[in-house]
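Each value in this text was obtained by applying a stated rule to the coordinates, not by laboratory testing. Predicted model, so just to flag it, every value in this text is computed and none were measured. Counting neighbours? That spans all protein chains shown, and the Cβs are built from the backbone with ideal geometry, glycine included.
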Amino acid sequence: MTVKISQTAEIQKFFEDAAGLKNAAGSARLKSIILRVLNDTARIIEDLEISEDEFWKAVDYINRLGGRSEAGLLVAGLGIEHFLDLLQDAKDAQVGLTGGTPRTIEGPLYVAGAPISEGEVRMDDGNEEGPATVMFLEGQVFDTQGHPLAGATVDLWHANTKGTYSFFDKSQSEYNLRRRIITDAQGRYRARSIVPSGYGCDPQGPTQECLDGLGRHGQRPAHVHFFISAPGHRHLTTQINLSGDKYLWDDFAYATRDGLVGEVEFKEDGARGVSGRYAELKFNFQLQHAVDPTAEQRSQRPRALQNA
């Protein structure tokens, strides 16, 4: 059995020194976090009798994970990003903040600075005409009392028919399938796009390697991401998960939630000026009132910028 020494005074003093508690420089907040990380790591090593081989294999895994820029994917796949949503839901309930469209995870594939349009826009660059099914996505943005919000910003992005995203997939044009729409006087937004595909983790990547060890798949259903914002209202990060997808309720990233399933209707009536089959998806959003100005802003999470 492993000898347990992590809670001895000598080791605690050592960890406090490693966390910088013996000097006045640096960040007090960071020091407290690092001290907790050191203590919890030591307890895991002791309690689970982690071998040196297992420990250094984990270090190597972290290096490979960062080298592939998959940390954001892994935290989604392990449910940590979803836990942050559940934690905020619980905090909201505790103070009586209710109503509005449910939040769900952002995911790691947002790119800032998408083109902005008034009322309606076409999102795709036309390169997948033929294999792609045209999709008309539209709806309204309301407050929790049902009043339409004119001038709200609907920032949306989604994958192509191969399940890949522009910027990260260099074969796609700049900002393909990424747009910002300012709602009209009735709070309406309209977008012509294509039906996206779901996607899976790279089978050779470190995220899928971890999921394989857990006996789990790494597949996501087809979905559309949204940031919704309006002056005086709480910023909303959410996504619509498309009905009928095999992985709708088996999303490896745990993003599907009640109230966030978009019912896709396929038609061939020519009413939209499209020959052949097309899809319609209508989805409305409700924004909570912002209790303070900071609630109007999205998190400061680092994000990709097209021309950085």
Practice problem: Would you grab the residues whose amide H sits under 5 Å from the one on His289? Only those 5+ places off in sequence or on another chain, please, with H modelled 1.01 Å from N. | Solution: Thr144, Arg234
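Cβ neighbours within 10 Å, averaged per peptide: list 91-98, 28-35 in order, most packed at the top.
Those peptides, ordered most packed to least, come out 28-35, 91-98.
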Quiz item: What's the angle, to the nearest 10 degrees (0 to 90), between helix 80-94's Cα axis and the longest principal axis of the chain?
Solution: 80 degrees
Quiz item: What's the FRET efficiency of Ala71 with Glu118 using the Cβ-Cβ distance as r and R₀ = 41 Å, to the nearest 0.05?
Solution: 0.65
Exercise. Have a look at Leu74, Leu48, Leu260 and tell me which one the Gaussian network model of the chain (Cα, springs below 10 Å) gives the largest fluctuation.
Key: Leu48
Quiz prompt | Computed label-point distance, nm, for sites Arg298 and Ser51 using a 7 Å Cα→Cβ extension | solution = 4.5 nm
Self-check item: On Cα atoms only, tilt of 28-47 relative to the major axis of the chain in degrees
Solution: 70 degrees
Exercise. Can you figure out the FRET efficiency of Arg36 with Trp249, using R₀ = 25 Å and their beta-carbon distance, to the nearest 0.05?
Key: 0.10
Quiz item: Can you give the convex hull volume per residue for the Cα atoms of the range 1-50, as a whole number of Å³?
Solution: 60 Å³
Practice problem: Could you work out how far apart the two model spin labels at Val291 and Glu129 are, taking each label as a point 7 Å from the Cα in the direction of the beta carbon, and quote it in nm? | Solution: 5.1 nm
Exercise. Neighbouring Cβ atoms within 10 Å as the yardstick, rank Tyr278, Tyr189 fewest first.
Key: Tyr278, Tyr189
Quiz prompt | Distance between the range 92-124 and the range 223-267 - C-alpha centres, whole angstrom | solution = 10 Å
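For the range 176-245, what is the convex hull volume of its Cα atoms per residue in Å³?
Each residue corresponds to 150 Å³ of Cα convex hull volume.
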Quiz item: For the range 34-192, rounded, prolate or oblate, judged on the Cα gyration tensor with a ≥ b ≥ c (square roots of eigenvalues), a/c < 1.5 rounded, else prolate if a/b > b/c?
Solution: oblate
Quiz prompt | Table column - 3J(HN,Hα) (Hz), the range 174-187, Karplus curve with 6.51, -1.76, 1.60, x for Gly and Pro | solution = 4, 6, 4, 6, 9, 8, 10, 10, 8, 5, 7, 4, 9, x
Exercise. Along Cα→Cβ, 7 Å out, is where each label goes; now give me the distance between the ones at Ser27 and Ile44 in nm to one decimal.
Key: 2.0 nm
Self-check item: Relative compactness, the range 74-305, computed as alpha-carbon Rg over 2.2 N^0.38 Å
Solution: 1.00
Quiz item: Based on the Cβ-Cβ distance from Ala185 to Leu97, what FRET efficiency comes out when R0 is 22 Å, to the nearest 0.05?
Solution: 0.20
Practice problem: Quick one: order Trp56, Trp157 by neighbouring beta-carbon count within 10 Å, fewest to most. | Solution: Trp56, Trp157
Practice problem: Identify the residues of the range 136-157 with backbone N under 12 Å of a label point that sits 7 angstrom from the Cα of Asn284 along the Cα-to-Cβ direction, or state none. | Solution: 139-149
Quiz item: Which angle from 0 to 90°, rounded to the nearest 10, does the C-alpha axis of helix 9-18 make with the longest principal axis of the chain?
Solution: 50 degrees
Self-check item: Per-residue ³J(HN,Hα) for the range 220-231, Karplus 6.51 cos²θ - 1.76 cosθ + 1.60, θ = phi - 60°, Hz, x for Gly and Pro
Solution: 10, x, 4, 7, 10, 8, 9, 10, 10, 9, 7, x
